[in-house]
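Participant: Quick one: structure below, then a few questions.
The numbers here are math on the coordinates, done by the rules we state, and not lab data. Fair warning: this is a prediction, and the values are worked out from it, not measured in the lab. Heads up, the Cβs are rebuilt from the backbone with ideal geometry, glycines too, and the neighbour counts pull from every protein chain shown.
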Amino acid sequence: MGAEVKKIGIGQAPFPHHHLLGIEHLSPDNIEMILSLADRYVTQNRHSPRKSDRLKGSQIVNLFFEPSTRTRLSFEMAGKRLGADVINFGAEGSSLQKGESFIDTLLTINAMRPDFVVIRSKEIDSAKTASTIFDCPVLNAGDGANEHPTQALLDALALKRHFKTLAGLKIVITGDIKHSRVARSNALLLTKMGAHVVFCAPTELLPDNCICPTKTNWQEAFQNADAIMTLRLQKERFETDLSFDMNDYFENYGLTADKLAIAKKECVVLHPGPMNHGIEIAADMADHTEKSLILKQVECGVAVRMACLDLLATAF
Ligand code: NCD
């Protein structure tokens, strides 16, 4: 199995990008290339031994300036599964707390010659800035409310494995769209792949320039939906206190079995995590054995990050 995993990255056309900064710059072919490799990694990750030596001798630095559970851990697991060393860097306990600038921190790490950098920061375009500093590939693990490309790719993979194709699906993204890099990257990706995306949220949680049709009324939005993705209220990014009544919010936008009944019978539920039960999603929806793809998304996350690292390695 180890040898089979190693073969995956060899013999294919090189991936035409040196960095993974967002979905915006990827073509449908680039997306398809990542998804099909990731799909093979999902299968291989289900069997032991899961590790290969595809990236043996490489060092990946995980630079997380914002909290994370699944993204950081799955990048770490993806790197280690491919045989790389993974070094985790957090703002806490670093010289950033002694006043060192973000740029000086990046210049310092680049001088140590990492082979890949994974970066998450609250600043929009932080990954783009990092790509001008690092000599190695940079992967965006979330930059403010801008993009979160590997999340959109893993969501697409979970949907594609379920429905076989993304083309023609109606996908509703509901909740705090305004502050969500997940919503933006997903809308970009799913639209490029021929799906029909609708944003559903109260006006205060919709961005000024929406990249797809919007609805404030869930009854209208959910009709004929193939999939509904709910999002957390990202309060850490609110500029002003929107002071929602959480009971009203759950009543109007929280995903429940009653609301799901308006969608297609086969409609599935997604959430990028972290979830807040009783606010944007009811616990029985999150844990639903047939409807919820949430743990499948997590599984796809490791595979997608393996595929991205694998493909960017061909740009060496
Ligand atoms: C998302 C993020 O950080 O943008 N989570 C994730 O990466 N799985 C969504 C969120 O924080 O709500």
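Participant: Restricting the search to the range 46-82, which residues are among the charged types (D, E, K, R) and either in contact with a Gly (Cβ under 8 Å, 6 or more places away or on another chain) or crowded, with 21+ Cβ neighbours inside 10 Å (or both)?
Facilitator: Passing the criteria: LYS51, ASP53, ARG54, LYS56, GLU66, ARG70, ARG81.
Participant: Regarding ALA183, is this residue more than 30 Å from LEU107 (Cα to Cα) and away from the ligand (no atom under 14 Å from the Cβ)?
Facilitator: No, not satisfied.
Participant: Let me ask something else. Could you grab the pairs with beta carbons closer than 8 Å, sequence gap of 6+ or different chains, first residue in the range 41-70 and touching a residue at least 40 places away in the same chain (Cβ under 8 Å) and within 20 Å of LEU312 (Cβ to Cβ), second one within 16 Å of the ligand (Cβ to nearest atom) and in a loop (DSSP other than H, G, I, E, B)?
Facilitator: PHE64/ALA91
Participant: What strands (runs of 3 or more DSSP E), lying completely within the range 155-242, carry at least 1 residues that are over 19 Å from CYS300 (Cα atoms) and of a type outside the set (S, T, N, Q)?
Facilitator: Of the strands (runs of 3 or more DSSP E) lying wholly inside the range 155-242, those with at least 1 residues that are over 19 Å from CYS300 (Cα atoms) and of a type outside the set (S, T, N, Q) span 170-174, 196-200.
Participant: How many residues does the range 79-131 hold that are of a type in the set (Ser, Thr, Tyr) and within 16 Å of the ligand (Cβ to nearest atom)?
Facilitator: 2
Participant: Any idea which residue in the range 194-220 is farthest from CYS267 (Cα to Cα), counting only those that are touching a Pro at 6+ places or on another chain (Cβ under 9 Å) and buried (at least 18 other Cβ atoms within 10 Å of the Cβ)?
Facilitator: PHE199
Participant: If you don't mind, there's one more thing I want to ask. Can you find, within the range 242-297, the residue that is farthest from LYS160 (Cα to Cα) among those that are more than 16 Å from the ligand (Cβ to nearest atom) and among the hydroxyl-bearing types (Ser, Thr, Tyr)?
Facilitator: SER243
Participant: Any chance the range 295-308 includes a residue that's in contact (Cβ under 8 Å) with a residue 12 or more places away in the chain and surrounded by fewer than 13 Cβ atoms within 10 Å (Cβ to Cβ)?
Facilitator: No, the conditions are met nowhere in the range 295-308.
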